[in-house]
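I have placed the structure first, in the form of C-alpha cells, so that the comments after it can refer back to it.
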Amino acid sequence: MSGAADHIGRIRTGLRAQLRVIGALTLRELGTRFGRDNLGYLWLFVEPALLGGAIGAMHHLSGHGLPGGLHIAAFWVLGYIPYYLLRGVINRAPSAIAANQSLLYHRHISLFDIILARNLLEGAAVGGAMAAFVLFFGITAGEWPRAPEKMVIGMLLMLAFTHGVALLIAVGSVYTDVFDRVVHLFTYLALPATGAFFMVFWLPTELQKTALWVPTVHVFELIRDGQFGTQVPTHYDIGYVLAWIAGLNLLGMASLGRARRDLVI
Amino acid sequence: MIRLLDLHKSYKTHLGHRTVLSGLTTEFRRGEKIGILGRNGAGKTTLLRLIAGVEGPSSGRVERHMSVSWPLGFAGAMHYSISGADNARFIARIYGKPLDWTTGFVEDFSELGEYFRLPVRTYSSGMIMRLGFALSLAVDFDCYLVDEVIAVGDSRFGERCRQALAERHARSTLLLVSHQPETVRAFCSSAAVLHDGRLTRYDDLDEAIAIYRAA
C-alpha cells in the first residue's frame, strides 16, 4: 500500500519537475524569439493582414464573391492563420534539436521537453493572432464567430497534430539533413491540399472523399464551422483527427527516445 | 556514490565502428577527489559525458546515487544567444533554485562585470568557462565533473575554483579529467589512468602518475 503511495508520490514529483523544465524552456524561448529588440512577432499580424487585404481587393475588383456569400477577408485570414501555425511548427522542427543541443547537458531536460516548449509558444503566439483577427472582423464587419469554442478546439487540434509531425521530423533530423532541405518546399507544396483555402462542399463528391483523407482538412472545416456556423455546410470528424494525433504523437515519442540514444552531442 | 557497470561506448564513423570505452566497471564514493589521466583521444571527455548522462552508453550502465553536475568545460549547458543573467535565471528555474539568490551568486562568482548582461556569444572562452563554473556551483551538486580546461584556465580563477571545491571538501565529489599530471596533483587525492578504453584505479597518486608517464 505504502509502496503504491510512494510510487504515486514519485510520479508527482517527476511531473512537477518536468512542468518546471517546460515552463523554464518556454520562458527562455520567449526571450530568444520574441524578446527585447526582436520584432518577429509583428509578422504574426502583418502577414495574415496583407494576405487578407490583397485577396479581398482582388475579389472586390473582379466582382466575384465566395460560395455561400462568406465574408471574403475573414475566410482567407482565418484559413491562413491556422496554416501559419502548421507551417511554423513544421518548418522549425528540423532545427529544434541542433539549436538546443547545449541544453541536453542538463540530464533532466529531454528532447520532448524542448520541442514541446517551442511548439506551445508557437501555439500561444499564433492563437493570440487568431483571437485578434476574430475580434477585428467582429468589430469592423459584424462577422462574429457563431461557436468560438469550436475555433479554439480546432486550433488545439492543429497544434497537437503538427506537434506530432514535428516530433517525427526532429527525429529524422538526427539521422539526416534531408528534412532541413525539403521541409520548406513540402509545406508550400502541401498548402493547396491542407484545406486552408477551400471548403469541402465546393468540391465534386468524389474529390470530397479524397480531401477528407487529409486530417488538416477536417481541422479547417471545424474552425470554419466555429466562425460561419450554418451559413455554409461543413464536413469534419474530430475522432478521425484525434486518431491521427494519437498515432503521430505516440510514434514520435517512441522514436525520440531512440534518437536521444543515437544523438552525438 | 556513482557506479559504472561494464560501460561500453563506440561511435559510428565513416571508417566503421570506433570503440572508445570498452568495459569500465568502478565506483566513485562521496567526498573522493579523483583525477582521471589520459592522452588526447583516450576517451576522457566521452567518459565524463556518459557519467553526466549527456550521452548514453552503447551498453552497460551508470548508476547515480547523488546529484551529478554537467561536464564543466568550454562548451555546453548554456544558451549563447541570451545573457549570462538570463542563463542564471534559466538554470535557477530548471533546478528549482531561488531566482534572485542564483543570479546574485553567479554574478559575484563569475566576475563578468557588465558582460553579465550581454549575450554569451560575445564572451571570450575564459568568460564562458567562468560562467559555466559559477552556474554549476549555484546549483550545488554532490559531484562535480570537471574537464581540465577549467583547472588550467586563468590561474586566479583556477585558484578560486580550487577553494570553492575545497570548501565543499567533505561532502562533494570531484572527478577531474586531464592529460597533465600537475593538474591532477593540484586538485585530487587519488587517480586513475584511462588507456586503450580501460580505466585503472590507483590509491596512490604518485604511482598513477608514474604509470601514466611510462605508458
(request) Could you tell me which numbered condition residue B:106 fails, if it satisfies all but one of (1) within 14 Å of chain A (Cβ to nearest Cβ); (2) in contact (Cβ under 8 Å) with a residue 12 or more places away in the chain; (3) in a helix (DSSP H, G or I)? (result) (1)
(message) Condition first: more than 14 Å from the chain's Cα centre (by Cα), touching a residue at least 40 places away in the same chain (Cβ under 8 Å) and buried (at least 19 other Cβ atoms within 10 Å of the Cβ). Can you find one or more residues in region B:58-74 that meet it?
(response) no
(request) Go through the residues of region A:155-169 one by one and say whether even a single one is open to solvent by 80 Å² or more (accessible area, probe 1.4 Å), modelled with pLDDT of 95 or more and outside any loop (DSSP other than H, G, I, E, B). (result) yes
(message) Quick test of your reading of the structure: residue B:24 fulfils all but one of (1) in a helix (DSSP H, G or I); (2) open to solvent by less than 40 Å² (accessible area, probe 1.4 Å); (3) touching a Lys or Arg at 6+ places or on another chain (Cβ under 8 Å). Name the failing condition by number.
(response) (1)
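Residues checked against (1) surrounded by fewer than 16 Cβ atoms within 10 Å (Cβ to Cβ); (2) in contact (Cβ under 8 Å) with a residue 60 or more places away in the chain:
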| site | (1), (2) |
| --- | --- |
| A:9 | yes, no |
| A:13 | yes, no |
| A:26 | no, yes |
| A:44 | no, yes |
| A:51 | no, no |
| A:70 | no, yes |
| A:73 | no, yes |
| A:78 | no, yes |
(message) Tell me whether region B:146-155 contains one or more residues that are assigned by TED's automatic domain parsing to the domain that holds residue B:188, closer than 22 Å to residue B:46 by Cβ, modelled with pLDDT of 90 or more and not in a helix (DSSP H, G or I).
(response) no
(request) Residue by residue through region B:35-57, note down the ones that are part of a strand (DSSP E or B) and under 12 Å from the mean Cα position of the chain (by Cα). (result) B:35, B:36
(request) Please state which one of B:5, B:15, B:24 is free of Cβ contacts under 8 Å to residues at least 24 places away in the same chain and away from chain A (no Cβ under 13 Å). (result) B:15
(message) Restricting to region B:85-102, give me the number of residues that are touching an Asp or Glu at 6+ places or on another chain (Cβ under 8 Å) and crowded, with 21+ Cβ neighbours inside 10 Å.
(response) 1
(message) For region A:211-250, give me the residue count where each residue is modelled with pLDDT of 95 or more, in a helix (DSSP H, G or I) and open to solvent by 30 Å² or more (accessible area, probe 1.4 Å).
(response) 9
(request) Taking residue B:37 as the residue in question, decide whether it is in the same structural domain as residue B:173 (by TED's automatic domain parsing), open to solvent by 50 Å² or more (accessible area, probe 1.4 Å) and more than 24 Å from residue A:257 (Cα to Cα). (result) no
(request) Scan region A:117-144 residue by residue and report those that are open to solvent by 10 Å² or more (accessible area, probe 1.4 Å) and within 14 Å of another protein chain (Cβ to nearest Cβ). (result) A:118
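The values are calculated or read from the model by the stated rules, or taken from the named source; none is laboratory data. These numbers were taken from a predicted model, which means no experiment stands behind them. Heads up, the Cβs are rebuilt from the backbone with ideal geometry, glycines too, and the neighbour counts pull from every protein chain shown. Only protein heavy atoms, including side chains, enter the accessible area calculation; ligands, DNA and RNA are left aside. Shrake-Rupley method; radii C 1.70, N 1.55, O 1.52, S 1.80 Å.
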